[in-house]
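Some notes on the structure that comes next.
The values are calculated or read from the model by the stated rules, or taken from the named source; none is laboratory data. Computed from a predicted model, the values in this text were never measured in an experiment. Every residue, glycine as well, gets a Cβ built from its backbone with ideal geometry; the counts of neighbours run over all protein chains shown.
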Amino acid sequence: MSGNWTEQDIPDQHGRVAIVTGANTGLGFETARMLAARGAAVVLAVRDTEKGKRAAARITGDAATQGDVTVQALDLTSLDSVRTAAADLRATHPRIDLLINNAGVMYTPKQTTADGFELQFGTNHLGHFALTGLLLDRLLPVPGSRVVTVSSVGHRIRAAIHFDDLQWERSYSRIGAYGQSKLANLLFTYELQRRIAPHGTTVALAAHPGASNTELTRNTPAALRVPVTWLAPLLTQNAGMGALPTLRAATDHAAEGGQYYGPGGPGEFRGHPKLVRSSPDSHDRATQQRLWTVSEELTGVTFPVR
């Protein structure tokens with residue numbers, strides 16, 4: 001393997017089934033594209049299926065693509081949609097090798113999901129929590145299967161799990177709500193790994209893309225927009241590079257459950273993927289377990305592991 005882990009280091013993926021949420025654009029698209037290039041059968045799980053079909057056509061039109069690419073409707077802001085998507089995926093895929101929880105929203109104005117959850121927490125955490133729980137029994141029997149959830153450097157910024165006001169009904173901070181959702185991604189990953197470890201087949205990992213130049217930043221608050229625009233050429237990287245930590249977590253034979261990958265450059269903003277550390281708050285077991293219990297209650301999804 002080269003000193004810097006690159007797309008060329010992704011192992012052969014023939015015979016593997018990968019589900020990638022939010023795969024019609026940005027990081028998810030690049031993740032799906034590179035997995036398909038290595039032979040995986042990739043499902044683009046997306047809210048807008050027309051955009052998903054166009055993304056699938058772009059991937060299959062690439063001469064490098066070796067795997068099949070299909071599209072599945074999935075709206076993470078609706079638990080009904082999550083349940084329908086999970087039922088469809090279970091019907092068409094008796095085994096799943098990779099579930100990549102990539103889709104997300106960032107810094108959105110105050111909004112709620114169809115189920116009344118704050119949009120960022122509902123989409124980034126609860127939607128993926130429910131989807132994972134509903135599909136996990138398709139992964140558990142599969143040797144080498146993995147659940148990879150995409151977090152963010154934002155899990156350190158004004159980030160806490162506000163159990164007394166998870167839905168930000170009393171006051172709202174778009175940055176704080178994003179930080180809560182991304183911290184939740186890590187708390188979920190570490191608790192999931194602890195629960196599935198006795199099964200010995202599936203592992204859970206997390207990754208973050210650093211500062212990647214994607215559509216995710218379109219809701220950046222006005223006060224931050226100018227400095228972000230000026231600093232972008234110095235701090236950000238393209239979506240292909242931003243997807244590499246996720247791909248390393250998903251495919252590197254040396255990766256282990258409970259690990260967290262991100263860019264290796266200064267501040268973890270850009271660079272080739274390496275093992276990184278998450279915040280001390282993300283490793284608090286009591287918070288992990290409490291969030292798990294609350295998430296089961298809010299979504300009505302109980303996992304087939306304890």
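For this structure, a couple of remarks:
- Any chance ASP12 is within 22 Å of ASN124 (Cα to Cα), of a type in the set (Asp, Glu), without any contact (Cβ under 8 Å) to a residue 60 or more places away in the chain and not in a strand (DSSP E or B): no
- Test: residue in the range 82-102 that is surrounded by 21 or more Cβ atoms within 10 Å (Cβ to Cβ), touching a strand residue (DSSP E or B) at 6+ places or on another chain (Cβ under 8 Å) and charged (D, E, K, R): yes
- Among (1) crowded, with 24+ Cβ neighbours inside 10 Å; (2) part of a strand (DSSP E or B), the one test that GLU30 misses: (2)
- Helices (runs of 4 or more DSSP H) contained in the range 217-306 and holding at least 2 residues more than 18 Å from the chain's Cα centre (by Cα), at pLDDT 90 or above and under 18 Å from GLN180 (Cβ atoms): 285-299
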